[in-house]
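Heads up, the thing below is written out as structure tokens.
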Amino acid sequence: EAGVTQFPSHSVIEKGQTVTLRCDPISGHDNLYWYRRVMGKEIKFLLHFVKESKQDESGMPNNRFLAERTGGTYSTLKVQPAELEDSGVYFCASSQEYRGPIYEQYFGPGTRLTVT
Amino acid sequence: DAKTTQPNSMESNEEEPVHLPCNHSTISGTDYIHWYRQLPSQGPEYVIHGLTSNVNNRMASLAIAEDRKSSTLILHRATLRDAAVYYCILRVAPYAGGTSYGKLTFGQGTILTVHP
């Protein structure tokens, strides 16, 4: 069974440009999460999708970040315009649970974003 | 979010048991105790979780204090592959209500070094 995949693995862009990160969850997982670790800081939650709906977007830093999950399958996270402080590693995770037993979150390898 | 406190780092020798402590004195009755680890250059990986009783799985054991204010992750025989950052996380149960049950709040974690 394929795990969570993320694309690209690394992206280098200039300040002011736009970048779109993609996450493909494990097949059949209704829950999809985005996290990020900026330099020297802890891993922070960004948002949680249940199918195509945003369950919790309390961690989104500002309106330069837009997450979508059309059709409840893959998700994209767009940063527009990118700022220097957006540099870091963006992780995606997926899980089966939906208000039932606790299931673990499976994480992807991350996308390293460098804004210059 | 309920907080956890872990030592910054610990060391172990290969083949020996490792006990990783976590304090969570402000835990609520509906918080599950989760442990994740992050190996170098990878996304976080689920290890184990529990509510009140001790738990065992193929990776580790989780010992939970009777008052639930602390817990210990036990690796029975450390291997070099177990060298990672270990995170103790309190996670709101889905049945507790609200929208934030999916969120994992990562702290600094414990850096485990395993010596050959």
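The values are calculated or read from the model by the stated rules, or taken from the named source; none is laboratory data. Note that this is a predicted model, so its numbers are computed, not measured. So basically every Cβ, Gly included, is an ideal-geometry build from the backbone, and we count neighbours across all protein chains shown.
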> Taking strands (runs of 3 or more DSSP E) that do not extend beyond segment A:1-100, which have at least 2 residues that are over 13 Å from the mean Cα position of the chain (by Cα)?
Replying inline: A:10-13, A:53-56
> From the set of residues in segment A:101-116 that are within 13 Å of chain B (Cβ to nearest Cβ) and either assigned to a loop (DSSP other than H, G, I, E, B) or of a type in the set (G, A, S) (or both), which is surrounded by the fewest Cβ atoms within 10 Å (Cβ to Cβ)?
Replying inline: A:P101
>> Please go through (1) under 21 Å from A:V38 (Cα atoms); (2) buried (at least 16 other Cβ atoms within 10 Å of the Cβ); (3) in contact with a helix residue (DSSP H, G or I) (Cβ under 8 Å, 6 or more places away or on another chain) for B:T105 and return the number of the only condition it doesn't satisfy.
In response: (3)
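Against the definition (surrounded by 15 or more Cβ atoms within 10 Å (Cβ to Cβ) and under 20 Å from B:I89 (Cβ atoms)), how does A:Y35 come out, yes or no?
Details: surrounded by 15 or more Cβ atoms within 10 Å (Cβ to Cβ): yes; under 20 Å from B:I89 (Cβ atoms): yes.
Considered against the rule, which asks whether it is surrounded by 15 or more Cβ atoms within 10 Å (Cβ to Cβ) and under 20 Å from B:I89 (Cβ atoms), A:Y35 comes out as yes.
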> Based on what the data block shows, is A:S75 in contact with an Asp or Glu (Cβ under 9 Å, 6 or more places away or on another chain), of a type outside the set (F, W, Y) and either under 25 Å from B:Y95 (Cα atoms) or crowded, with 19+ Cβ neighbours inside 10 Å (or both)?
Replying inline: yes
>> Could you check segment B:82-99 and list, in sequence order, the residues that are under 20 Å from B:I48 (Cα atoms), modelled with pLDDT under 85 and out of contact with any Phe, Trp or Tyr (no Cβ under 8 Å at 6 or more places or on another chain)?
In response: B:Y95
> Quick one: which of A:S27, A:S87, A:S95 is away from every other protein chain (no Cβ under 11 Å) and under 25 Å from B:I48 (Cβ atoms)?
Replying inline: A:S27
